[in-house]
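Asker: Pasting a structure below so you can have a look.
The values are calculated or read from the model by the stated rules, or taken from the named source; none is laboratory data. Everything numeric in this text was worked out from a predicted model, so none of it was measured. Here the Cβ is made from the backbone with ideal geometry for all residues, glycine too, and neighbour counts use every protein chain on show. Heavy atoms of the whole protein, side chains included, go into the accessibility calculation; ligands, DNA and RNA do not. Shrake-Rupley method; radii C 1.70, N 1.55, O 1.52, S 1.80 Å.
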Amino acid sequence: MSINYNEKIPNNVDLANDKTLQRALEHWQPRFLDWWREMGPNDFASADVYLRTAVGVDAQGWANYGTVKMPDYRWGIFLADRLPDRTIGFGDSFGQPVWQQVPGEFRSQFGA
């Protein structure tokens, strides 16, 4: 799947065909910015912030580093290429096969 970096949330997870998840993420993103305005440094919206922005998950690198004005900040959602026999490396699901989709019981915890 090709990645359109001009999308509101760049991704390789076919977000456009999962409207529930897309709406949840697009609802959450401005709330993050609201949190930054409320809790972040005063008068910082017009300043350049040095941030890491996800752009992929392949071996050639997964992030761009650079400055952006905080109101323009956004993130991406990317799955790594499938690897046979890959397992989850931490948490309650440690050792289980990795997911290609987040199980429903976890989505409901976050309103997705």
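Asker: Quote the accessible area belonging to Val68 in square angstrom, nearest 10, computed with a 1.4 Å probe and with ligands, DNA and RNA left uncounted.
Answerer: 40 Å²
Asker: Would you mind getting the accessible area per residue of region 71-112, heavy atoms of the protein chains only, 1.4 Å probe, in Å²?
Answerer: Working: 3410 Å² over 42 residues.
Ligands and nucleic acids excluded, the result is 81 Å² per residue.
Asker: Kindly list the residues of region 6-35 that lie in the label zone of Ala45, defined by a backbone N under 13 Å from the point 7 Å along the Cα-to-C-beta vector.
Answerer: Inside the label zone: 33-35.
Asker: Between Ala16 and Phe90, take the C-beta separation as r, use R0 = 30 Å, and let me know the FRET efficiency to the nearest 0.05.
Answerer: On the way: r = 30 Å, r/R0 = 0.99.
The calculated FRET efficiency here is 0.50.
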